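The values are calculated or read from the model by the stated rules, or taken from the named source; none is laboratory data. This structure is a prediction, so every number in the text was calculated from the model and none was measured. Because the Cβ atoms are built from the backbone with ideal geometry, glycine has one as well, and the counts that use them run over all protein chains shown.
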Amino acid sequence: MKILAILYHGHKAAEEEPRLLGTVENKLGLEDWLKSQGHELIVSASKEGPDSDFQKHIVDAEILITTPFHPGYLTRSIMEKAKNLKLCVTAGVGSDHIDLNAAVDHGIQVLEVSGSNVVSVAEHVVMSILLLVRNFVPAHEMIERGDWQVSDIARDAYDLEGKVVGTIGAGRIGYRVLQRLVPFNTKELLYYDYAPLPASAAEAVKARRVEDLKDFVSQCDVITVNCPLHEGTRGLVNAELLKHCKKGAWIVNTARGAICDKDAIAAALKSGQISGYSGDVWNVQPAPKDHVWRTMKNPLGAGNGMVPHYSGTTLDAQARYAAGVRSILENYLSGKPQDSANIIVGLGKYETKAYGQR
Ligand code: NAI
């Protein structure tokens with residue numbers, strides 16, 4: 001059986017650090033095991049265009065392994081060429097780089113390692129909220145420059161205590177963010193999600209659901225985005241919605257770049273309508289060198305906490321999602337049932353309610 005994995009290059013770091021499992025070099029730790037079973041494993045980072053390894057090998061692969069950190073975009077037209085493809089496995093969480101509606105139509109199953117990096121991301125969200133609210137990035141840059149002007153930083157630094165924080169999406173990550181914020185004594189924790197939290201879970205973190213998105217953003221000092229990217233969330237945070245935000249709100253998006261409109265975010269930050277934007281996800285990955293989110297700033301020259309896509313790929317997370325990929329493959333190869341929590345698209349239908357209301 002041919003198995004194709006599109007992963008990112010780890011280069012020197014991956015040679016020195018074998019726990020960087022999600023790299024081309026370390027192959028999710030699958031190589032010896034799959035070879036010993038007589039399977040062919042092709043691993044590459046080359047993913048763009050008709051001459052890429054991705055498009056070359058997808059035509060006869062039975063299993064495709066991809067990662068959200070270096071997404072191999074499996075479009076409907078590429079899927080149509082993939083005559084043997086039966087299973088897509090996402091090493092991590094978030095399978096929007098695969099055309100899921102096309103997978104339903106083609107009877108291709110899509111599984112991800114649910115829960116494998118949700119703590120990793122929730123921790124990053126809390127860090128990102130704090131670094132924006134407390135104006136951390138320009139403070140550190142000032143120190144590296146050799147300067148010292150406390151007032152330039154303090155004029156835009158606040159406490160998180162007493163602020164209203166809301167999450168768009170209160171699933172595994174969104175809920176863990178709420179849990180981690182409880183000790184900060186925020187004024188209120190809010191959530192917006194078409195799936196209400198169980199009453200006991202909402203009560204445990206004292207979170208209030210707001211059902212209208214404009215109403216929700218108008219109440220938040222901090223908005224954190226934690227829903228999957230699908231047709232109902234692409235461009236959800238756009239120029240129109242940003243008008244309804246509290247002036248000077250902070251936005252953290254570790255979900256998917258394309259949920260927030262690139263140019264609308266940059267314009268809102270530039271004008272001061274929002275004070276900060278932080279996250280690790282981009283509308284195209286790797287982000288082009290001139291991507292406006294790399295350098296955008298608020299009127300005080302601050303408010304940018306962007307980093308490359310790594311919140312869910314800590315070494316701890318890589319161990320969990322590599323083990324999860326292996327267990328999905330073991331089930332597939334031995335005909336055992338999959339863990340239902342991992343199935344995004346089953347045979348001919350969505351098995352999750354998280355990728356949009358249907
Ligand atoms: P989950 O499936 O547990 O929760 C997603 C929640 O979003 C569900 O409660 C769902 O009802 C809600 N939702 C869906 N559409 C919505 C909409 N239109 N409005 C409001 N809520 C909506 O997923 P989990 O594990 O919390 O992950 C969420 C997303 O985070 C992933 O799909 C992925 O895109 C992203 N992620 C990012 C990582 C990173 O490294 N930056 C790593 C892991 C996940």
Q) How many of the residues in region 246-271 are within 16 Å of the ligand (Cβ to nearest atom), in contact with a strand residue (DSSP E or B) (Cβ under 7 Å, 6 or more places away or on another chain) and of a type in the set (A, V, I, L, M, F, W, C)? A) 5
Q.
Please verify whether residue 326 is of a type outside the set (Asp, Glu), surrounded by fewer than 19 Cβ atoms within 10 Å (Cβ to Cβ), more than 16 Å from the ligand (Cβ to nearest atom) and within 15 Å of residue 252 (Cα to Cα), treating the condition exactly as stated.
A. no
Q: Give me the pairs, please: first residue somewhere in region 334-358 and touching a residue at least 24 places away in the same chain (Cβ under 8 Å), second residue anywhere and of a type in the set (Val, Ile, Thr) and within 9 Å of the ligand (Cβ to nearest atom), beta-carbon distance under 6 Å, and either six or more positions apart or on two chains.
A: 344/352
Q: Only residues in region 174-185 that are polar (S, T, N, Q) count as the first member; pair them with residues that are in a helix (DSSP H, G or I) and buried (at least 16 other Cβ atoms within 10 Å of the Cβ), Cβ under 9 angstrom, at least 6 apart or cross-chain, and list the lot.
A: 179/122; 179/205
Q. Regarding residue 305, is this residue outside any loop (DSSP other than H, G, I, E, B), within 17 Å of the chain's Cα centre (by Cα), surrounded by 20 or more Cβ atoms within 10 Å (Cβ to Cβ) and at pLDDT 95 or above?
A. yes
Q.
Among the numbered criteria (1) within 12 Å of the ligand (Cβ to nearest atom); (2) touching a helix residue (DSSP H, G or I) at 6+ places or on another chain (Cβ under 6 Å); (3) closer than 23 Å to residue 94 by Cα; (4) not hydroxyl-bearing (Ser, Thr, Tyr), which one does residue 227 miss?
A. (2)
Q: Could you grab the pairs with beta carbons closer than 8 Å, sequence gap of 6+ or different chains, first residue in region 212-228 and without any contact (Cβ under 8 Å) to a residue 40 or more places away in the chain, second one in a helix (DSSP H, G or I) and away from the ligand (no atom under 11 Å from the Cβ)?
A: 214/241
Q.
I'd like to check something: does region 7-30 contain any residue that is over 22 Å from residue 311 (Cα atoms) and not aromatic (Phe, Trp, Tyr)?
A. yes
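So is residue 38 over 23 Å from the mean Cα position of the chain (by Cα), surrounded by fewer than 14 Cβ atoms within 10 Å (Cβ to Cβ) and closer than 24 Å to residue 282 by Cα or not?
Details: over 23 Å from the mean Cα position of the chain (by Cα): yes; surrounded by fewer than 14 Cβ atoms within 10 Å (Cβ to Cβ): yes; closer than 24 Å to residue 282 by Cα: no.
No; evaluated as a whole, the condition is false for this residue.
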Q) Between residues in region 286-302 that are more than 20 Å from residue 71 (Cα to Cα) and residues that are part of a loop (DSSP other than H, G, I, E, B) and at pLDDT 95 or above, which pairs lie under 7 Å by C-beta distance while being six or more apart or on different chains? A) 297/303; 298/272; 299/272; 300/156; 302/135; 302/156
Q.
Checking the conditions here, which among 77, 116, 120 is part of a helix (DSSP H, G or I), closer than 26 Å to residue 257 by Cβ, within 15 Å of the ligand (Cβ to nearest atom) and among the small types (Gly, Ala, Ser)?
A. 120
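Out of the residues in region 236-271 that are among the basic types (Lys, Arg) and under 14 Å from residue 296 (Cβ atoms), which is surrounded by the most Cβ atoms within 10 Å (Cβ to Cβ)? Spell out how you get there, then give the answer.
Initially, region 236-271 is screened for residues among the basic types (Lys, Arg), giving 243, 246-247, 256, 262, 270.
Now restrict to residues that are under 14 Å from residue 296 (Cβ atoms): 262, 270.
Values: 262: 18, 270: 15.
Within region 236-271, the match that is surrounded by the most Cβ atoms within 10 Å (Cβ to Cβ) is 262.
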